[in-house]
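Derivation of every value follows stated rules applied to the coordinates shown; laboratory data play no part. Here the structure is a predicted model, which means the values were calculated and not measured. Cβ sites come from the backbone with ideal geometry, for glycine too, and all protein chains shown count toward neighbours.
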Amino acid sequence: MSAESGPGPDQMASAGAAGQLGPRALQDRAIRGASWTMLHTITAVPMGFVVNLILARALGVVHYGRLAFLMTLMDVVGGIIAVGVTTGTIQFGAKGHALGRHDDVRRLLSKAQGFRLFIAAPLLTLVVLLVADVPLPMLLLALAFGVWCPAFLDGATTCLAIENKTAAGAQNAMVVNILVQAATLLSLWLVGTADAVWAARLAAGGLGVGLALLVIDPGYRRAVLHPQIPVGMPAGFWRFAVPTAVGGLVATMVVSRTEVFFLAWLGDAAAVGTFALAFGLASHIFAPAQALVGPLMPAISGLREVEVSAVEAAFRRTIRASALIVSLLLVAGVPFFALLLPALYGDAYSDSEPMFVALAISAGLLVASGPVSAFVMGRLAAGTILRVNLLALIVDVGVALAVIPSLGGWGAVIANVSGALVQLVLLVGSELRAMQMPWSELVKQTGSLILAVPIAVGTWALIEPIQLGRWVASFCAIPVGCALFLLMLRTTRAGLAQEDAVAIQRALPRRLDRPAGAALRLLTVQG
C-alpha cells in the first residue's frame, strides 16, 4: 500500500498560489480515485460473493437472517457515529484544502475528532447496549471495534477524502476487506454462529480504519491524534452538519435493508433470510459503479471553489458515465445471478430469485443517480437532503406496515423499492432545478440506462423457462444481454462522448492503456 503520487507538471500548472488545486488536478484525482476504487471493488466483490455464499449455506435461512439483522443494526448505528460531522468535515475540509488553507483544516480535524470521541461514541455505546441482544463477549467486541475504534481513528479516512487521496483510500480498503473476509471465515469455522461472525467482522473492520494514518499528510495526522473540544467550528458548519446527519441516518434507513426490522418484528424469520440475501446480492453487483461517488464528493466541493462554471459540464459527464457503468452491470449481472441463485444458495433461497431482480433494478437506478448526491452536497444543500430522505422514509415505513403483514418478504421488497424511487425522483429533481436543467436533458444523458432495464429483465424472463439447466442458462445470459445492449447502444448513440473517454483514459494507470482504450472505443458513440 503506497501513498498517492505527487502532481504531474500539468497538474502543477493548473494549481494556483498557496497550494490551491486547479480544476484539471481535481478532475484527474477524482477519476484516479474512482479507478482505484473500481479496482478495489473488482477484487473485493468476488471475494465478498464467495464468503457470503459460504455464510448463507452454513448458517441457513433463519440464522443468515439474524446476521443480516445485526449487520443492518450496525449500519444504522454507523450512519450516525459522528452525527454529520464526518460529512461536514469532508465538505469544509476539502474546500479549505483546495484553497491551501491547511491550518484551518487541521483545526477542523482536531475538533471533529473530539466530537466523535467525547460525544458520539458514548451515546452510540448506549444504543448498542439497549438494542443488540448478543452474548457478552460478542457485545464487548462490537463496542470496542464497531464504535470506539472508528471513533478514535476514523478522522484518518476523512483526511484521505479531504486531500483527494481517494486512490490511497481504495488501496487501504483493499487491505481492510481482506481482513474482514478472513475474520468472517475464521469465526464461522471456530464458532459457527451468526453472533460470532457479526463481532468478528466489526473487529477486523475497526482495526483496518487505522491503516489510513500511514498515508495522510503528517500535519493532518497530528491533528487527528490530538482531539479537541468541538467548539468554534467554521461558520455554517453545524447548520450544514446537523440536517445532513439526520438526513444521512434517514437515507441509510431508506436504501439499506432496514425492512428486516419489520420482518423480524412480525416474526417471519425465514422471510428475513430470503429478503436479506436478495438485497445483499443486488447491492453486490453494483459495487463497481458505486466507486464513482466517493472520489466525487471532495472533488466537486473543491471544483465549486476554484471554477464554478465547470460544474455543469462535470455533472453531465459524471451522470453519463455512471449510467453506462450501471447499464453494463444490469444487462450482464442481473440475468446471470438471477438464473444461478437457486443453484448456488440452495432451494431454501428459491424465493429470493424474483426478489433479487426487482431489488437489483431499484438498486441500479439509485447507484446511477448516486453522483447527484455529490453535487447536492457540493452546494451544501443539507436541508434538501433531509427533506427528501424524510419523505422517502415515510413512504418506506408506511408501505412496509401496510403490506409486509400480508405479503411477507415481497412486502419488504415493495417497501424498499417505493422508498428508493421517492428518494431518487426528489433528489434528482432538486439538483436539476438548481442547475436549471430540464428532465429531458437527464433522460438524454442516461439513455443507456433506459435501454438496459428492459434488456436485463427480458433476457432473464426469456431464458429462465428454457430447459437448459441453471449453469448453462446463466452463462448464456451474459453474451445475449451484452450483445443486445451494445447493439442498441450504438443504434441510439447513447454511450460515452469522446471527451469522456479521453478524461477517463488519462487518469488510468499506463499498463491499462491498451485494454481500457479498446473498451472505451466500444462504448464511445458520440463525437
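Tabulated data for the structure shown
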quantity: Cα centroid separation, the range 202-254 to the range 97-147 (Å); calculated: 8
quantity: Residue-by-residue Karplus 3J(HN,Hα) for the range 182-196, coefficients 6.51, -1.76, 1.60, Hz, glycine and proline x; calculated: 5, 5, 4, 5, 5, 5, 5, 6, 7, 10, x, 10, 4, 4, 5
quantity: Backbone HN-Hα couplings from phi across the range 240-245 [Karplus 6.51/-1.76/1.60, Hz, Gly and Pro as x]; calculated: 8, 5, 5, x, 5, 4
quantity: Full-stretch length increase - Ile119, Thr43 - with 0.36 nm per residue and alpha-carbon distance subtracted; calculated: 23.7 nm
quantity: Packing-based order for 47-56, 324-333, using average beta carbon neighbours within 10 Å, highest first; calculated: 324-333, 47-56
quantity: Projected label distance in nm at Leu522 and Met435, using a 7 Å step from Cα toward the beta-carbon; calculated: 2.8
quantity: FRET efficiency, Gln498 to Asp75 (Cβ-Cβ, R0 51 Å, nearest 0.05); calculated: 0.80
quantity: From phi via Karplus (6.51, -1.76, 1.60), per-residue ³J(HN,Hα) for the range 333-339 in Hz, x at Gly/Pro; calculated: x, 5, x, 4, 6, 4, 5
quantity: Radius 13 Å from Cβ of Arg107, net charge of other residues (Lys, Arg +1; Asp, Glu -1); calculated: +2
quantity: The range 157-226: radius of gyration and largest Cα-Cα distance (Dmax), Å; calculated: 14.6, 44
quantity: Per-pair calculated FRET efficiency, R0 = 30 Å: Leu185 and Ile478 via Cβ, rounded to 0.05; calculated: 0.60
quantity: Label point distance in nm, Leu487-Val443, each placed 7 Å from Cα along Cα→Cβ; calculated: 2.5
quantity: Residue exposure sequence - Arg106, Arg239 - by fewest surrounding Cβ within 10 Å; calculated: Arg239, Arg106
